1. Kindly check whether there is at least one residue in region 73-83 that is free of Cβ contacts under 8 Å to residues at least 40 places away in the same chain and hydroxyl-bearing (Ser, Thr, Tyr).
2. Identify all residues within region 133-175 that are in contact (Cβ under 8 Å) with a residue 40 or more places away in the chain and small (Gly, Ala, Ser); write none if there are none.
3. For region 77-121, what are the residues that are of a type in the set (S, T, N, Q), out of contact with any Cys (no Cβ under 8 Å at 6 or more places or on another chain) and within 15 Å of residue 152 (Cα to Cα)?
4. Inside region 94-117, can you point out the residues that are surrounded by fewer than 18 Cβ atoms within 10 Å (Cβ to Cβ) and modelled with pLDDT of 95 or more?
5. Report yes if some residue within region 118-126 is over 24 Å from residue 23 (Cα atoms) and in contact with a Pro (Cβ under 8 Å, 6 or more places away or on another chain); otherwise report no.
6. Within region 24-42, track down each residue that is surrounded by fewer than 18 Cβ atoms within 10 Å (Cβ to Cβ) and not charged (D, E, K, R).
7. Name the strands (runs of 3 or more DSSP E) wholly within region 19-129 that hold at least 1 residues that are under 20 Å from residue 173 (Cβ atoms) and within 16 Å of the chain's Cα centre (by Cα)?
8. May I ask you to verify whether residue 50 is closer than 13 Å to residue 154 by Cβ and either assigned by TED's automatic domain parsing to the domain that holds residue 28 or surrounded by fewer than 19 Cβ atoms within 10 Å (Cβ to Cβ) (or both)?
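The values are calculated or read from the model by the stated rules, or taken from the named source; none is laboratory data. The structure presented is a predicted model; accordingly, all values stated were derived computationally and were not measured. As a convention, Cβ positions derive from the backbone with ideal geometry for all residues, glycine included, and neighbour counts pool all protein chains shown. Only protein heavy atoms, including side chains, enter the accessible area calculation; ligands, DNA and RNA are left aside. Shrake-Rupley method; radii C 1.70, N 1.55, O 1.52, S 1.80 Å.
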Amino acid sequence: MDSEATPVKAEITLRVNGAEHRLDVDTRASLLDVLREDLGLTGSKKGCDHGQCGACTILVGGRRVNACLALAVAHDGAEIVTVEGLAEDGRLSPVQEAFIEHDGFQCGYCTPGQLCSATGMLDEAERGWPSAASEDLRVDPVLDDDEIRERMSGNLCRCGAYMGIVAAVREAAARREAAEA
């Protein structure tokens, strides 16, 4: 057997941060590697490369995804948002603003994944999706600190900025609620 087998390529289309990209990718390539290496979107970080740290979290179809575990070919036609796409018209998203105001980052390595995860979890909570910390599954979840910690538990911060992260998510949730009122 030839140990240097020719990679199998596939043509896919990804809509990333509102822009469509037609790509010829190795069928073994992760979504994270395609975003970083082929599209130059280096905001999403490669932390553990095993789906355990959350540094690579992006939004696919509005849902949180560990990009290091997702094959790019499996997401042909997908609508993807990375940390670079959270801001709108040059304005930071409410989640990004809250992270700055509450010092929800230290070294910043995990921050892109934290921001995408927080954005996704706020959407999940708004749709009434419960978590393991939700006390009553019959009512919309209340985003108290325990609920936020549970929902963000897939994103690790080696610097320990969790207090700022929880406060930032709480603030972003309050801003959403006030905007809807």
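1. No; the residues of region 73-83 include none that is free of Cβ contacts under 8 Å to residues at least 40 places away in the same chain and hydroxyl-bearing (Ser, Thr, Tyr).
2. Within region 133-175, 154, 160, 161, 164, 167, 168, 172, 173 qualify.
3. Once the filter is applied, which keeps residues that are of a type in the set (S, T, N, Q), out of contact with any Cys (no Cβ under 8 Å at 6 or more places or on another chain) and within 15 Å of residue 152 (Cα to Cα), region 77-121 yields 111, 117, 119.
4. Step one: of region 94-117, the residues surrounded by fewer than 18 Cβ atoms within 10 Å (Cβ to Cβ) are 97, 100-101, 103, 106-109.
Result: 97, 100, 101.
5. Within region 118-126, the first condition is being over 24 Å from residue 23 (Cα atoms), and the residues that meet it are 118-126.
If we keep only those that are in contact with a Pro (Cβ under 8 Å, 6 or more places away or on another chain) too, we end up with 125.
Scanning region 118-126, I find at least one residue that is over 24 Å from residue 23 (Cα atoms) and in contact with a Pro (Cβ under 8 Å, 6 or more places away or on another chain), so the answer is yes.
6. 27, 39, 40, 42
7. Details: elements: 19-26, 57-60, 63-66, 79-81.
Per the criteria, 57-60, 63-66, 79-81.
8. It is true that residue 50 is closer than 13 Å to residue 154 by Cβ and either assigned by TED's automatic domain parsing to the domain that holds residue 28 or surrounded by fewer than 19 Cβ atoms within 10 Å (Cβ to Cβ) (or both).
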